[in-house]
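> Submitted below is the structure of interest, expressed as structure tokens.
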Amino acid sequence: MTLKAKPVLKDRFWIVEQDEERIGTLSWNDDRYMFSNQIETCFFDNKRQLKKKFGGDIIWSEIVAPESAPSDTSHVVHGYPTSVAPYNTMYDVKRKLPLFTKSDKSKSAYCAGYYIIRFDKAWTKSFCPKLITLDRYENKGPFKTELEMREELRRAKS
């Protein structure tokens with residue numbers, strides 16, 4: 001029998017599957033492994049003991065790191081990054097906002113880039129908020145990078 005251990009936290013926590021079906025979880029706490037499911041909880045000192053218990057190999061998958069920011073040029077509207085491939089791109093000259101929709105038939109406009117928005121007397125960060133949100137609340141932006149946005153958020157909070 002071959003099991004697959006899909007990582008949730010690198011070198012700490014895995015979902016264990018057999019034939020694409022979840023059979024339990026596995027965790028490492030600095031000195032031993034703990035396997036747990038609805039029926040039992042077992043402790044193991046090493047991977048060899050795990051292999052012996054389950055009678056076969058365990059395939060250890062790696063975590064695939066998500067991209068921190070879209071690098072694809074198709075995810076940019078007027079020089080500002082977006083969270084998805086944009087449709088119906090436009091630029092609001094009066095408010096100086098790069099706008100887009102998330103699908104061809106969508107009527108909801110989103111603002112490309114990073115923003116800080118003041119909700120209930122507290123500033124929060126936002127990436128590609130809806131235009132209606134920026135209409136309703138005090139905001140600053142757009143910013144082309146998360147670093148610029150964080151710097152402005154720090155200034156706004158002080």
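Every read-out reported here was derived from the displayed coordinates using simple, explicitly stated rules and does not represent laboratory data. Model, not experiment: these values are computed from the prediction. Here the Cβ positions follow ideal geometry from the backbone for every residue, glycine too, while neighbour counts run over all protein chains shown.
> What shape does the range 115-158 have by the C-alpha gyration tensor, where a ≥ b ≥ c are the square roots of the eigenvalues, rounded means a/c under 1.5, and otherwise prolate means a/b greater than b/c and oblate the rest? Walk me through the numbers on the way to the answer.
Working: a/c = 2.45, a/b = 1.17, b/c = 2.09.
The shape class here is oblate.
> Quickly work out the Thr2-to-Asp31 label distance, labels modelled 7 Å from Cα along the C-beta direction, and quote it in nm with one decimal.
In this crude spin-label approximation the distance works out to 3.5 nm.
> Find the relative contact order for the chain and round it to a whole percent, using C-alpha pairs within less than 8 Å whose residues are 6+ positions apart. Don't skip to the end; give the middle numbers.
On the way: 280 pairs, mean separation 21.0, N = 158.
Averaging sequence separation for qualifying contacts and normalising by length gives 13 percent for the chain.
> Relative to the compact globular guide of 2.2 N^0.38 Å, what is the alpha carbon radius of gyration of the range 73-157, as a ratio? Mind showing how you got there, number by number?
Details: Rg = 12.4 Å, N = 85, 2.2 N^0.38 = 11.9 Å.
In units of the 2.2 N^0.38 Å rule of thumb, it is 1.04.
> Relative contact order (percent) for the range 3-60, with alpha-carbon contacts under 8 angstrom and 6 or more residues of separation? Display every interim value, and only then the final one.
On the way: 91 pairs, mean separation 16.2, N = 58.
So the answer I get is 28 percent.
> Let me ask you something else. Within straight cross-link reach of Lys4, meaning Cα distance under 18 Å, which aspartates and glutamates are found once same-chain residues fewer than 8 apart are removed?
List returned: Glu17, Asp19, Glu20, Glu21, Asp57, Glu62.
> Okay, next question. For the chain, what is the Kirkwood estimate of the hydrodynamic radius, computed as the reciprocal of the mean inverse distance between distinct Cα atoms, to one decimal in Å? Please list the in-between numbers first.
Values: mean 1/r = 0.0518 Å⁻¹.
By the Kirkwood definition, the hydrodynamic radius is 19.3 Å.
> Distance cut-off 20 Å, Cα to Cα: go down the list Lys102/Lys140; Lys6/Lys51; Lys96/Lys140; Lys96/Lys144; Lys105/Lys130 and report the pairs above it.
Working: Lys102/Lys140 22 Å; Lys6/Lys51 16 Å; Lys96/Lys140 11 Å; Lys96/Lys144 13 Å; Lys105/Lys130 16 Å.
The answer is Lys102/Lys140.
> Also, I was wondering about something else. Helix-only estimate, please: 222 nm mean residue ellipticity of the chain, summing -39500 (n - 2.57) across DSSP H runs of length 4 or more and dividing by its residues, to the nearest 500.
Values: 3 runs with 26 residues, N = 158.
The helix-only estimate for the chain comes to -4500 deg cm²/dmol at 222 nm.
> Mind grabbing the base-10 log of I(q)/I(0) for the range 3-60 at q = 0.20, 0.25, 0.27 Å⁻¹? Debye formula, identical points on the C-alpha positions, no solvent, two decimal places.
-0.68, -1.12, -1.32
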